[in-house]
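The values are calculated or read from the model by the stated rules, or taken from the named source; none is laboratory data. Note that this is a predicted model, so its numbers are computed, not measured. Counting neighbours? That spans all protein chains shown, and the Cβs are built from the backbone with ideal geometry, glycine included. These accessible areas exclude ligands, DNA and RNA; they are computed on the full protein's heavy atoms, side chains included. Shrake-Rupley method; radii C 1.70, N 1.55, O 1.52, S 1.80 Å.
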Amino acid sequence: MPLQKVEKIWMDGELVNWDDAKVHILTHTLHYGSGVFEGIRAYATARGPAIFRLSDHIHRLFNSAKVYLIDIPFTEEELVDAVKETVRVNGLESCYIRPLVYLGYGEMGLNPLPCPVNVSIAVWPWGTYLGDEGLRHGVRTKISSWTRHDPNAMPVAAKGTGMYANSSMAKVEALKAGYDEAILLSPQGYVSECTGENLLIVKNGRIIKIPNAAGALEGLTQNSVVTIARDLGYEVVEENLLRTDLYLADEAFLTGTAAEVVPIRSVDDRVIGEPGPITKAIQEMYFATVNGEVDQYKDWLEYVSG
Ligand code: PPE
């Protein structure tokens with residue numbers, strides 16, 4: 001789906017026109033994948049657009065930058081305000097939000113330390129990431145032939161731009177083979193995550209979450225879903241999973257800001273089936289939460305105005 005243009009993009013403290021939001025071809029991050037970024041969503045609520053867990057996402061952006069030894073030339077508070085302003089000036093009720101910290105123009109070569117640190121925030125309307133059909137009936141997934149990063153090769157806890165070359169390869173492989181999404185295993189052979197989502201399963205009534213040490217990003221959607229699941233009375237445990245645990249799961253679903261909560265219909269053609277009751281209960285509560293309908297989780301919503 002082509003990008004739907006909006007009016008303005010925030011770049012280093014200024015709102016510039018969408019078509020003018022450009023960088024030089026010798027931008028360091030373009031060559032070396034040396035940036036960090038976030039993915040956030042704003043939802044339409046009865047009180048106007050609300051950004052889901054905005055402060056937590058901006059905090060993770062600063063943590064990612066810390067891992068890469070990048071000094072962001074703004075405070076967390078300033079970027080929280082900048083995100084709200086960018087959503088507000090574009091007049092969007094709901095949208096995806098992409099803050100990016102990148103090393104800009106000025107030096108080339110592998111040493112990033114002399115490069116300027118630039119920050120941008122783009123927003124655009126983004127519908128269902130893995131399709132309406134996938135959201136309702138589940139996606140078909142495939143274990144990738146690509147392995148997730150070894151944590152001593154790439155820092156998996158940080159959302160670094162360069163990491164996503166691995167995700168894109170896995171995604172393309174899965175799509176070309178006729179699947180909707182790829183699941184990556186860690187170098188040790190445990191299930192890690194999808195190309196841009198975490199993954200949880202249900203077995204014998206318990207929800208199983210994968211430990212971060214299996215090489216997954218600590219997803220905020222997953223974190224919200226675990227809280228929701230426990231509050232709904234489900235038991236959530238953390239365990240390493242083998243690919244056969246996925247084949248034999250009672251239910252499985254993936255979580256991510258862009259994807260939201262999406263059931264998994266099959267893994268390597270082993271059918272899990274239509275979304276099960278636990279997946280549906282969590283999905284329903286997640287959507288009610290982000291739309292501001294659940295009082296219990298109102299602190300997760302950060303309103304664009306007021
Ligand atoms: N793992 C990976 C590798 C990942 O990229 C994401 C987010 C997650 C897990 C889930 O994290 P969270 O959004 O905090 O629940 N992926 C972002 C980028 C997607 C994209 O296509 O770009 C996102 O969902 O915004």
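Positive end of the dipole of region 8-124 (Cβ unit charges, origin at the Cα centre): among Ile40, Leu30, Val83, the Cα lying farthest that way belongs to Ile40. Solvent-accessible surface (1.4 Å probe) assigned to Glu85 amounts to roughly 70 Å².
Per atom type, the chain shows carbon and sulfur on 51% of its accessible surface, probed at 1.4 Å. A simple charge model with +1 on the Cβ of Lys and Arg, -1 on the Cβ of Asp and Glu and nothing else charged puts the dipole of region 132-290 at about 200 debye relative to its Cα centre. Ranked by the mean number of other Cβ atoms within 10 Å per residue, highest first, peptides 253-260, 49-56, 183-190 order as 253-260, 49-56, 183-190. Around the Cα centre of the chain, unit charges on the Cβ atoms of Lys, Arg, Asp and Glu (plus for the first two, minus for the last two) sum to a dipole of about 520 debye.
Annotation: for a label point projected 7 angstrom from Cα along Cα→Cβ of Val237, residues of region 171-204 with backbone N closer than 12 Å are 203-204.
Using the 1.4 Å probe convention, the accessible area of the chain works out to 46 Å² per residue with neighbouring protein chains retained. Here region 8-124 is assigned +1 on the Cβ of each Lys and Arg and -1 on the Cβ of each Asp and Glu. Its dipole about the Cα centre then comes out at about 400 debye. How much net charge surrounds Arg88 when only the other residues with a Cβ under 13 Å from the Cβ of Arg88 are counted, with Lys and Arg +1 and Asp and Glu -1? Around Arg88, the surrounding residues sum to -3.
From the alpha carbon centroid of region 226-259 to that of region 58-87 is 30 Å. Three principal axis extents of region 8-124 based on alpha-carbon atoms, in descending order, are 50, 30, 19 Å. Taking the convex hull of the alpha carbon positions in region 132-290 and averaging its projected area over all directions gives 8.4 nm². Mind checking the log10 I(q)/I(0) for the chain at q = 0.16 Å⁻¹? Debye, one equal scatterer per Cα, no solvent, two decimals. Rounded to two decimals, the profile gives -1.40.
Over 27 Å between Cα atoms: which of Lys5/Lys209; Lys66/Lys142; Lys5/Lys84; Lys171/Lys209; Lys8/Lys171; Lys209/Lys298 fall into that group? In this structure, Lys5/Lys209; Lys66/Lys142; Lys8/Lys171 exceed 27 Å between Cα atoms.
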